[in-house]
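Colleague: Okay, here's the structure, questions in a sec.
The values are calculated or read from the model by the stated rules, or taken from the named source; none is laboratory data. Computed from a predicted structure; not experimentally measured. In this analysis, Cβ positions are derived from the backbone assuming ideal geometry, glycine residues included, and neighbour counts consider all displayed protein chains.
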Amino acid sequence: MNRQKPSVETVSALNPEFRNHPQRVMDELRSTHPILLDESSKIVILTRAADIAKVINDRDIYCDPRKSDPDSGLRRVHRVDESYRPNLLRMDDPDHKRVRDLVSKAFNQVSIDALRPKIEQITSDLLDSLRGRYSFDLMEDFAEPFPTAVIAEVLCVHRDKREDFQRWSKALSQIFNPKPTPEQLERLQWGSENFQGYLKQIFDERREHRGTDLVSELITAHEGEHKLLEWEIISTCELLLFAGNVTTTDLIGNGMLALLKHPEQMEKLRANPALIPGAVEEMLRYDSPVSHVGRVASDSTRIEGCPMHSGQAIYALLGAANHDPALHQDPHTFDIERENKRHYSFGGAAHFCLGAPLARAEAQIAFSMLLKRFPDISLTPGPDPVRKIAPSFNGLESLWLTVA
């Protein structure tokens, strides 16, 4: 690791060393600067599991970046200005509870269980499209279109728009990049405008002709006692579609790469498919699709007994918590039968990932059917898979596989 004092840039996907060897960087940071204040960004960086668990499970700590210090780097990351309105991910109570409670009525474990046959059909159709191919890019040909198609089913998105949704979602992967290039910023704005424009169109259609989809459910809630505003419905759907796409794509890519690099674990899974749910949890722990979450301290916030001022921005590095030796024995070992399956890849408390049940179902079905369809999978000879440059996210640009 660079011997200069570490900073937010040290643990950013923009840093090649962190992007390609994140645990090496986070291990050193945890041992030398477990609670680090980056003076340039005014952000405190946490790498120990106990500290991170406290922060993400403390309901008094804020998520809304507008509550951070005026010169905080968190404001720059989220591009906070006078027009900024937080989506569900960044809301605080009472708005967060109001919106989440209503969304949870239509987007929960029961609804996801009912969706499983459709997820299996989508998976089968995508795998059918690969029939006869000796080699393919798992990311482009499966991991990217798969969650797009699933979320599109939840929202009843028109089939002719699903490729557009995938492109818009990919453009939005730079949403948390504090230093986007002019081209990235232009694509980010293009993706966001198209996303919101089409979701507004869906909203108007469902307002006139209700269905059984999530948007219709939210519009009905919009007209009830605890109303949702139009922009809250649109931003929530945008969040579910974008966040659900990117993170599930990365979970599948990271998980397959882990299996390929640990063939004994792959063989265990082939021999006993009942291990798949536990394997997915280990994939989430071992190579988390989300690198960190941002929080804002309140007056009552204390980390390891040390008080923090209200407005202090905090980065909790989820991957560092998942690999903390204080939480896991042999944390850098990929073990699908690990007894302690605890991880922080879905966050915690009130902001525990709303899409976690869907992500788990998608990954379980995807790996079950991929391994069944392809009895022999290997990495295509050539350079190592390249990690994508998308701050806050952790995934692969491509993953070329050779199959029998």
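Colleague: In the set Leu46, Leu37, which member is without any contact (Cβ under 8 Å) to a residue 12 or more places away in the chain, on the phi < 0 side of the Ramachandran plot and in contact with a strand residue (DSSP E or B) (Cβ under 9 Å, 6 or more places away or on another chain)? Talk me through it step by step, then tell me what you get.
Modeller: Values: Leu46 fails: without any contact (Cβ under 8 Å) to a residue 12 or more places away in the chain.
Answer to the selection: Leu37.
Colleague: Out of all the residues in the stretch 319-333, is one or more in a loop (DSSP other than H, G, I, E, B) and modelled with pLDDT under 95? Spell out how you get there, then give the answer.
Modeller: Taking the stretch 319-333 as the starting set, the residues that turn out to be in a loop (DSSP other than H, G, I, E, B) are 323-333.
Of the ones still in play, those that are also modelled with pLDDT under 95 are 329.
Looking for residues that are in a loop (DSSP other than H, G, I, E, B) and modelled with pLDDT under 95, one finds at least one in the stretch 319-333, hence yes.
Colleague: Take the stretch 297-317 and flag every residue that is at pLDDT 95 or above and under 13 Å from Pro34 (Cα atoms).
Modeller: Ile314, Tyr315, Ala316, Leu317 - these are the residues of the stretch 297-317 that are at pLDDT 95 or above and under 13 Å from Pro34 (Cα atoms).
Colleague: It is to be established whether one or more residues within the stretch 279-290 are of a type in the set (A, V, I, L, M), surrounded by 15 or more Cβ atoms within 10 Å (Cβ to Cβ) and part of a loop (DSSP other than H, G, I, E, B).
Modeller: Step one: list which residues in the stretch 279-290 are of a type in the set (A, V, I, L, M), which gives 279-280, 283-284, 290.
So of that shortlist, the ones also surrounded by 15 or more Cβ atoms within 10 Å (Cβ to Cβ) come out as 279-280, 283-284, 290.
Keeping just the survivors that are part of a loop (DSSP other than H, G, I, E, B) gives none.
No, because not a single residue in the stretch 279-290 is of a type in the set (A, V, I, L, M), surrounded by 15 or more Cβ atoms within 10 Å (Cβ to Cβ) and part of a loop (DSSP other than H, G, I, E, B).
Colleague: Out of the stretch 68-98, which residues are within 18 Å of Phe242 (Cα to Cα) and outside any loop (DSSP other than H, G, I, E, B)?
Modeller: Val77
Colleague: Before we move on, is Arg206 basic (Lys, Arg), crowded, with 21+ Cβ neighbours inside 10 Å, within 26 Å of Ser169 (Cα to Cα) and over 22 Å from the mean Cα position of the chain (by Cα)? Before the answer, list the steps.
Modeller: Numbers: basic (Lys, Arg): yes; crowded, with 21+ Cβ neighbours inside 10 Å: yes; within 26 Å of Ser169 (Cα to Cα): yes; over 22 Å from the mean Cα position of the chain (by Cα): yes.
Yes; evaluated as a whole, the condition is true for this residue.
Colleague: A follow-up question, please. Mind counting the residues in the stretch 341-394 that are within 16 Å of the chain's Cα centre (by Cα) and in a strand (DSSP E or B)?
Modeller: Of the stretch 341-394, the ones within 16 Å of the chain's Cα centre (by Cα) are 343-348, 351-363, 387-394.
Remaining after also requiring in a strand (DSSP E or B): 387, 393.
Number of matching residues: 2.
Colleague: Now, a different point. Mind checking whether some residue in the stretch 364-374 is within 25 Å of Phe107 (Cβ to Cβ), touching a residue at least 40 places away in the same chain (Cβ under 8 Å), of a type in the set (A, V, I, L, M, F, W, C) and in contact with a Pro (Cβ under 7 Å, 6 or more places away or on another chain)? Full working, then the answer.
Modeller: If we filter the stretch 364-374 for residues that are within 25 Å of Phe107 (Cβ to Cβ), which is where we start, we get 364-369.
Cutting the leftovers down to touching a residue at least 40 places away in the same chain (Cβ under 8 Å) gives us 364-369.
Right, trim to of a type in the set (A, V, I, L, M, F, W, C) and you get 365-367, 369.
With the extra rule that they be in contact with a Pro (Cβ under 7 Å, 6 or more places away or on another chain), the set shrinks to none.
Checked the stretch 364-374: no residue is within 25 Å of Phe107 (Cβ to Cβ), touching a residue at least 40 places away in the same chain (Cβ under 8 Å), of a type in the set (A, V, I, L, M, F, W, C) and in contact with a Pro (Cβ under 7 Å, 6 or more places away or on another chain).
Colleague: On the given criteria, is Thr236 within 22 Å of Glu140 (Cβ to Cβ) and surrounded by 24 or more Cβ atoms within 10 Å (Cβ to Cβ)? Don't jump to the end; show me each part of the working.
Modeller: Numbers: within 22 Å of Glu140 (Cβ to Cβ): no; surrounded by 24 or more Cβ atoms within 10 Å (Cβ to Cβ): yes.
For Thr236, the condition - within 22 Å of Glu140 (Cβ to Cβ) and surrounded by 24 or more Cβ atoms within 10 Å (Cβ to Cβ) - is not met.
Colleague: Could you check, for the stretch 44-57, whether at least one of its residues is under 30 Å from Ile365 (Cβ atoms), outside any helix (DSSP H, G or I) and either among the polar types (S, T, N, Q) or modelled with pLDDT under 95 (or both)?
Modeller: No, that holds for no residue.
Colleague: While we're on this one: How about the stretch 98-109: which of its residues are surrounded by fewer than 19 Cβ atoms within 10 Å (Cβ to Cβ), over 14 Å from Ala356 (Cβ atoms) and not acidic (Asp, Glu)?
Modeller: Matches in the stretch 98-109: Arg98, Lys105, Ala106.
Colleague: Also: Of all residues in the stretch 222-245, how many are touching a residue at least 40 places away in the same chain (Cβ under 8 Å), part of a helix (DSSP H, G or I) and in contact with an Asp or Glu (Cβ under 9 Å, 6 or more places away or on another chain)?
Modeller: 3
Colleague: For Ala320, which of the numbered conditions (1) aliphatic (A, V, I, L, M); (2) over 13 Å from the mean Cα position of the chain (by Cα); (3) within 26 Å of Ala171 (Cβ to Cβ) fails to hold?
Modeller: Of the numbered conditions (1) aliphatic (A, V, I, L, M); (2) over 13 Å from the mean Cα position of the chain (by Cα); (3) within 26 Å of Ala171 (Cβ to Cβ), the odd one out for Ala320 is (3).
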